[in-house]
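Following: one structure in structure tokens, then a few remarks.
The values are calculated or read from the model by the stated rules, or taken from the named source; none is laboratory data. Small disclaimer: the values here were computed from a predicted structure and weren't measured. All Cβ positions, glycine included, derive from the backbone under ideal geometry; neighbour counts span all protein chains shown. Surface areas here come from the heavy atoms of the whole protein model, side chains and all, with no ligands, DNA or RNA. Shrake-Rupley method; radii C 1.70, N 1.55, O 1.52, S 1.80 Å.
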Amino acid sequence: MSSRAIPPGSDGTVNAESCVSLGAAQPQLDAYPTRDIALGHLQVQRALPVKGRRLIGPWCFLDRFGPLSFTEGAPMDVAAHPHIGLQTVSWLLDGEIAHRDSLGSESVLRPGGVNVMTSGRAIAHAEQTPRDHTGRLNGVQLWTALPDAVRRAAPAFQHVGEVPRLESPGGLVQVFSGAVGDVHSAATHFSPIVGAEVQVHRGGTVTVPVAPSHEHGLLVLDGDVTLEGQPLAPRVLYYTGTWRHALELVSIAGARVLLVGGAPFPETILMWWNFVARTPDEIREARTDWEAHRRFGEVLNYSGPRLDAPELLHLARPNPVS
Ligand code: MN
């Protein structure tokens, strides 16, 4: 039997990550330490996907960056790269990010606002620290998986300058995705979802109402906090399961906590590099189209070279802050 070299991926093999929602039948509290990733000056803590918990609701990716201060250079400079099958959701605690995409969108994100980019069948974007900046950067970037029924739709970009807030004596909830109680974000999503930053004042208690049928995750952004008496450590993603009616957060010195959740995502997704798909063929076609300058369009007004796709046989995790 003769052997011949097979170019990577030409046999249909794609070393992608299969992500299925495990869900939960009851409240629980599972801890998943985040992983540190370095990209130039930028340290990123990756919280999702994590082994054992690939999805929380439709959320399939969560990077935490900062807090950091800088006096020269641009800590965030993610060159033009493609996406399919997902939404990117960017939320800042401090600093600013300039977004540019192949639709021609240009937007500077600041704390209190949210950028939601729906890739649909194809989009490309770049994200950078803008020239006019505060010298600080602190935030998160998330992805949602798009349901099959809408994942091939036209791409779109949405900037919401100021998300709605729920204020209480104990703190403040800023709802950037979905709803908390009857407070709804203006951001467009395609499955039942919640994304919020919960600020707990010094000595305060914040009770966040949640849908019992949804599953949720919590990531401490800063400060000290307990969930129903259980201390939550930094750099750990906590999964709280389902069948809770509220999440009670208490802080001694004050805290900020990220809340993500939604209905358990009913579809198995395939993640490779910046693509969320269902089959290796879709990933291979998207990679080929990106390398051939087809389908995705070009990101204008980004001066550097764009990112090249990795080889298909390489298990390609997303770019940090992508
Ligand atoms: Mn991206």
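If the condition is being open to solvent by 10 Å² or more (accessible area, probe 1.4 Å) and of a type in the set (G, A, S), then region 194-241 contributes G203, A211, S213, G223, G229, A233. Residues that are within 16 Å of the ligand (Cβ to nearest atom) and at positive phi occur at least once in region 73-94. In region 147-165 there is no residue that is open to solvent by less than 40 Å² (accessible area, probe 1.4 Å), within 16 Å of G57 (Cα to Cα) and β-branched (V, I, T). Elements of the type strands (runs of 3 or more DSSP E) sitting completely within region 244-322 and holding at least 1 residues that are among the acidic types (D, E) and either away from the ligand (no atom under 16 Å from the Cβ) or surrounded by fewer than 17 Cβ atoms within 10 Å (Cβ to Cβ) (or both): these cover 246-250. Annotation: of all residues in region 109-159 being in a loop (DSSP other than H, G, I, E, B), touching a residue at least 60 places away in the same chain (Cβ under 8 Å) and away from the ligand (no atom under 15 Å from the Cβ), the one that is nearest to M76 (Cα to Cα) is G135.
Taking first residues from region 181-208 that are free of Cβ contacts under 8 Å to residues at least 40 places away in the same chain and partners that are part of a strand (DSSP E or B) and surrounded by 23 or more Cβ atoms within 10 Å (Cβ to Cβ), the Cβ contacts under 6 Å between residues at least 6 apart in sequence or on separate chains come to V183/V175. Within region 103-128, track down each residue that is over 26 Å from P192 (Cα atoms) and crowded, with 22+ Cβ neighbours inside 10 Å. Passing the criteria: A126, E127. Comparison of V194, V116, V78 shows that the only residue that is within 28 Å of P305 (Cβ to Cβ), modelled with pLDDT of 95 or more and of a type in the set (A, V, I, L, M) is V116.
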